[in-house]
Amino acid sequence: MTEEQRSSHRRPTISDVATRAGVSKGAVSRTFNGGKGISPGTMARIRAAAAELNWTPSTAARAVSGGPAHAVGLVLRRPAELLELDPFFPAFLAGVESALTSVGYAAVLRFVGDSHTEREGYEQLVGERRVDGFLLTDLRHRDPRFELLSRLGARAVVAGSPGRTCPFPWVSTGSAGQVRELIRHLIAQGHRTIAHVAGTPSLRHARRRRQLWQDTVIEAGLEPGPVVTGDFTTDGGARATRELLDQSPRPTAIFYANDLMAIAGLSVLAEHGVKVPDDMAVAGFDDISLASYVTPALTTVRCDYRRMGQIATHTLLAQLRNEEVAPQFTIGGELRLRRSTGA
């Protein structure tokens, strides 16, 4: 095999890029680590040479040199069914990706099953400089990640309403007003026993929706109806609905903490001959694509999770550029009244 043949079979190196572009290796390194001190024309020539050779800078090399990883981390701890069916995460991730792609960053996803593995995941990503910062989702009551990431010196932006103790900027859907409006709508329809199928109790947004339901019912001078935990899954929603049907007196309206549980509930009610909305009003949260196509169409609260992902990512990228960012941003929800509540 000739030297030229051997050269064509080996992986290209930073030296190859430098030679083709007619610059030093340091210029190539700086181009892919922020471009400090490199003219736009030189950077364009270096990137073109890298593309011609199909060369990309290694994350490990950037970590050793102290350069940015050009990546954002998301460590996710949730049941497999929620990853498959959850309306939040695909839309949120689409927003994240659209913001990252425009600046040449990548998303590093790490799926974990418990708190120990979760903590190790964050420590490894920070210790190996695999990411430059994190987006935090699925906030929990007294979330331990705030203290962990502060101790690790990591940058982060929170997706959700984290409470007063959060040291990081956060982006919220701001849907509290719409949930209250939904419950008041049910009361105005004449319902006096309004049940709630709650989500996983350890998650802050589940606790928040339950609290909003309860406060609004009490403010109207009514006794809060029964609460059953459905854990945000279709199986959980079906199980909770069957339990509510066994209540005496039976509620006349159910507010589900998400649309998946509400749609499962509609199926169970149909199986038991309960007519919606004549015998039972049903409402959900999220406004997934199926919500307007089920029969009857589902009343729900819409949240723009894609925009939430975009704003959270732009905020984190601004942080990484050492720019001043707003401590919080609220998007705003929208109540969608449909036939399942008699609208």
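A short reminder: the numbers here are calculations on the coordinates, not readings from a lab. This one's a predicted model, so the numbers in the text were calculated from it and none came from an experiment. No Cβ is skipped: glycine too gets one built from the backbone with ideal geometry, and neighbour counts run over all protein chains shown.
Brief remarks on what is shown
- The chymotrypsin sites (Phe, Trp or Tyr not before Pro) of region 254-343 that meet both conditions, a loop assignment by DSSP and at most 11 other Cβ atoms within 10 Å of the site Cβ, are 293.
- Reference-scaled alpha-carbon Rg (2.2 N^0.38 Å with N residues) for region 152-215: 1.42
- Rough spin-label spacing in nm, given labels placed 7 Å along Cα→Cβ, for residue 106 and residue 54: 1.6
- Loop-located GluC sites (Glu not before Pro) in region 248-343 (DSSP state other than H, G, I, E, B) with a sparse environment of at most 15 neighbouring Cβ atoms within 10 Å: 323, 324.
- Inverse of mean 1/r across different Cα pairs in the chain, Kirkwood, Å: 22.7
- Spatial separation of Cα centroids for region 275-332 and region 147-209, in angstrom: 11
- Only Lys, Arg (+1) and Asp, Glu (-1) charged, at Cβ; the chain dipole about Cα centre in debye: 1020
- Once the mean of 1/r is taken over each pair of separate Cα atoms and inverted, region 176-302 shows a Kirkwood hydrodynamic radius of 14.0 Å.
- For residue 136, the residues 5 or more places off, or on other chains, whose built amide H falls under 5 Å of its own are 157, 158, 159.
- A cut-off of 5 Å between modelled amide H atoms, ignoring neighbours fewer than 5 places along the same chain, links residue 78 with 112.
- Near the amide H of residue 258, within less than 5 Å, lie the amide hydrogens of 285, all on another chain or at least 5 residues away, with H placed in the peptide plane.
- Relative to the Cα centre, the charge distribution of region 176-302, modelled as +1 at Lys and Arg Cβ and -1 at Asp and Glu Cβ, gives a dipole magnitude of about 300 debye.
- A dipole drawn for region 176-284 from +1 and -1 charges on Cβ atoms has a positive end, and of 234, 247, 182 the residue lying farthest that way is 182.
- When the square roots of the Cα gyration tensor eigenvalues are ordered a ≥ b ≥ c, the ratio a/c for region 188-260 is 1.5 or more and a/b does not exceed b/c, which makes its shape oblate.
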